[in-house]
């Protein structure tokens, strides 16, 4: 990805930060976008300290004006990673409307707004990788809003792949299982619950952000030049099925 311009939303932490750092290590000029300016700057500083090239922008991906202002400073886009996301853990009947709207606005509307801005700056092909989730492939209890957005992202990936193939733009998504990030930290505080979650993964452990980043960077790169419209499960086997002998 030498000299390519890659934009990463949610780049201030977790999977987004890992993607930004790995892209930079591969030679990309990375633009780190995050709601929290300090977090975005920290990622950019980490990249620069390793000899990479990075800029940062504070952006609210759910706000069209904020997205437009952030992209005004980006000269072109060769790659995009949409990693910004939030979660609520409720069944549908107990999900408050305000929380539903928040998850929809960040996870889904944010992908729409950022993708639209990036597409306008993709001049000679390009690659987009959306961060979906294993919940787009299999059901999980008490995640109505989050699952709805991640399933929508998977479908959107396929539609975008068809729409933009004539322009040489590839669009794929990755579907992580449970990964050690700030977003999931709270659910791992209970050791018993953490063990149950680990047991759901046939590989017997949780993922690390860097493992997701490896898959993302592969899909962004020319090594994936004949891959578009794909949903790549990077989930330790979670979506393959139940591990218990029934």
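Bear in mind that the values in this text are calculations on the coordinates, not laboratory data. This structure is a prediction, so every number in the text was calculated from the model and none was measured. Ideal geometry is used to build each Cβ from the backbone, glycine not excepted, and the neighbour counts take in all protein chains shown.
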For the chain, what does the relative contact order come out to in percent, with C-alpha contacts under 8 Å and a separation of six or more?
19
Anisotropy class of region 1-125 from Cα gyration tensor, a/c 1.5 cut:
prolate
Of 46, 76, 17, which is the most mobile in a GNM of the chain whose springs link Cα atoms less than 10 angstrom apart?
46
Quick one: among 13, 83, 64, which has the greatest mean-square fluctuation in a GNM of the chain with alpha-carbon springs under 10 angstrom?
64
Angle in degrees between helix 191-200 and the longest Cα principal axis of the chain, rounded to the nearest 10
80
Stretched fully, the stretch from residue 140 through residue 210 gains (0.36 nm per residue minus C-alpha distance, one decimal, in nm) 22.8 nm
Give me the distance in nm between label points sitting 7 Å out from Cα along the Cα-to-Cβ direction at residue 68 and residue 196, one decimal.
4.7
In terms of the alpha carbon gyration tensor, root eigenvalues a ≥ b ≥ c, rounded if a/c is under 1.5 and otherwise prolate when a/b exceeds b/c or oblate, region 75-136 is prolate
Alpha-carbon Rg with Dmax, taken over region 5-233, Å
16.8, 51
Just to be sure I follow: if Rg is taken over the C-alpha atoms of region 117-238 and Rh is the Kirkwood radius over the same atoms, what is Rg/Rh?
1.02
Calculate the length of the line joining the C-alpha centroid of region 155-207 to that of region 80-139, in whole Å.
12
Could you give the length gained by full extension between residue 46 and residue 90, i.e. 0.36 nm per residue of separation minus their alpha carbon distance, to one decimal place?
12.3 nm
I'd like the FRET efficiency for residue 38 and residue 123, computed as 1/(1 + (r/R0)^6) with the beta carbon distance as r and R0 of 35 Å, rounded to 0.05.
0.65
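Mind sorting 184, 149, 9, 157 by how few other Cβ atoms lie within 10 Å of their own Cβ, fewest first?
Taking fewest neighbouring Cβ atoms as first place, the list is 184, 157, 149, 9.
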